[in-house]
Structures are given as C-alpha cells and as structure tokens.
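All remarks here apply to the structure that follows.
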Number of protein chains: 2
Amino acid sequence: MTLAQLQQVIRATYGDKDSRRGVEGTFMWFMEEVGELAAALRGGTPAEQSAEFADVLAWLATLANGVGVDLEAAVRAKYGGGCPGCGEVPCVCDQTEKP
Amino acid sequence: MTLAQLQQVIRATYGDKDSRRGVEGTFMWFMEEVGELAAALRGGTPAEQSAEFADVLAWLATLANGVGVDLEAAVRAKYGGGCPGCGEVPCVCDQTEKP
C-alpha cells in the first residue's frame, strides 16, 4: 500500500465526516490515538501495537487530506535523498545533532 | 512509496542509531515532531506543513521498526475492509460513535 493509497482509503471511508470536523477537531482525535499508541508500546500485545499504529496512520492521513498535503511527495522531498541533516545513508550526523 | 518502503528507507538511514536509542527515547523524538506538526498546521506554509508530516511519518516508522510492526499489514488489517466500526465505505457509523 502506497502512502497515496492510504490517503485515498481514508478519504473514501471518512472524507465527508472529516471535512465537516475540520483540522482542530481532527488533531484532537489524532492525539487520542497517539496516546493509545504510547500505552500499547508500553504494555500492549503485538496485535494491539499493530492496531494502534494503524489508527495513528489513519488520523495522520486524515490531517494530511484536510490541508491538502501529499504524504508521498512530503517523504520523498525530506528523506528521499538520504538524511536531511548530512545527506548520507546511513546517517552520519554527529550524536549531538541526531542521537 | 509503499509503507514498507518508508520503513526500509528509515531503517537504512537511521537503523543503527534507532536501535541504540530504544523505544522510550524514540517516542520523545516522535512527540517533538508531533508538536512541530501542530504548530505548522496552525500557522505554517504548505512547505512547512509538508516537511512536518514527513518528520512525523519518519519517526512513526522508526517506532514501528523498533517494535517489529509492519505498517502496511497493520493498515490493511484495520482499514482494508472498510471502517472498522461499521464495515462500510464510506463510514456510516452514528455521529456519537464516529463524528
């Protein structure tokens, strides 16, 4: 599944509701899922962790849809040419810059 | 770019550093980027918003790599069959369930 497909799946499933809710309300839902991810990372099963990652990704896609950001283009622009700090793969940034 | 490719790009670029940092330290970096995304959503340019989405995705991929979660499988399992609440595309969950 590409990042563009992720955005399309979420748009098809929730686009109408998302457009009515707006970015501020969507951000609160996103944060609720981030909190659930934190809990799953601390003590969840692999299945629970997987489900919470999916929810965070889904709400991140909703936010991106809401402001018209293309996640695939965003990642390619920032990380497609190696580490944005040093330009290398693997990253050779100093530990104080990127621990 | 697929979600699997995103995880691979981040693993190739930062895998060594990420494995030394651990999940707790990585979560704090992730949250720092979530905060920067919030700021960009409030008042950033499209380019700033795009860069912050990329950073949140990158750190989310790092977290998933750290606990061995396959983001593509996670999204397919949770959202590949329609809304997890009602099973429909578009979602027809009641507003009280999924506003």
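The values are calculated or read from the model by the stated rules, or taken from the named source; none is laboratory data. Source: prediction; values computed, not measured. Note that we place each Cβ from the backbone using ideal geometry, even for glycine, and neighbour counts take in every protein chain shown. We work out accessible area using only protein heavy atoms, side chains counted, and drop any ligands, DNA or RNA first. Shrake-Rupley method; radii C 1.70, N 1.55, O 1.52, S 1.80 Å.
Using a 7 Å projection from Cα along Cα-to-Cβ, the label point at B:D16 is separated from the same position in the remaining copies by 5.3 nm, smallest value first. A simple count of charges around A:G68, restricted to other residues whose Cβ falls under 13 Å of its Cβ and scoring Lys, Arg +1 and Asp, Glu -1, yields -1. The range B:59-95 and the range A:1-36 have Cα centres lying 11 Å from one another. Using the empirical formula 2.2 N^0.38 Å as the baseline, the Cα radius of gyration of the range B:27-70 reaches a ratio of 1.21.
Once the other residues with Cβ under 14 Å from the Cβ of B:W59 are scored (Lys, Arg +1; Asp, Glu -1), what is the net sum? So the surrounding residues net to -2. Between A:A73 and A:E32, the modelled label-to-label distance comes to 3.1 nm, taking each label 7 Å out from Cα in the direction of the beta carbon. Nonpolar atom fraction for chain B, defined as the carbon and sulfur part of the 1.4 Å probe accessible area, stands at 53 percent. Available extension along the chain between A:E97 and A:Q5 is 29.8 nm, counting 0.36 nm per residue and deducting the alpha carbon span. Sorted from shortest to longest, the distances between the A:A47 label points of this copy and the other copies are 4.7 nm, with each point 7 Å from Cα along the line through the beta carbon.
These residues, A:D16, B:D55, go from largest to smallest accessible area, 1.4 Å probe, as A:D16, B:D55. With respect to the axis relating copies A and B by rotation, the chain A residue whose beta carbon is closest, plus that distance in Å, is A:T2, 3. Each copy carries A:P90; placing its label point 7 Å along the C-beta direction from Cα gives inter-copy distances of 4.6 nm, listed from smallest up.
DSSP loop trypsin sites (Lys or Arg not before Pro) in the range B:25-99 with at most 13 other Cβ atoms within 10 Å of their Cβ, which ones?
Numbers: sites: B:R42, B:R76, B:K78; in loops: none.
Within the range B:25-99, no trypsin sites (Lys or Arg not before Pro) qualify (loop, at most 13 other Cβ atoms within 10 Å).
Working value for the range B:1-61: equivalent-ellipsoid semi-axes of 22, 15, 7 Å, each the square root of 5 times a Cα gyration tensor eigenvalue, largest first. Remark: accessible area buried at the A-B interface is about 4800 Å², both chains counted, probe radius 1.4 Å.
Largest first, the three principal axis extents of the alpha carbons in the protein assembly as shown are 51, 39, 25 Å in whole numbers.
What chain A shows is 47 Å² of accessible area per residue, with the surface traced by a 1.4 Å probe over protein heavy atoms. Applying a threshold of 25 Å to the alpha-carbon distances of A:K78/B:K17; B:K78/B:K98; A:K78/B:K98; A:K78/A:K98 flags A:K78/B:K98 as lying beyond it.
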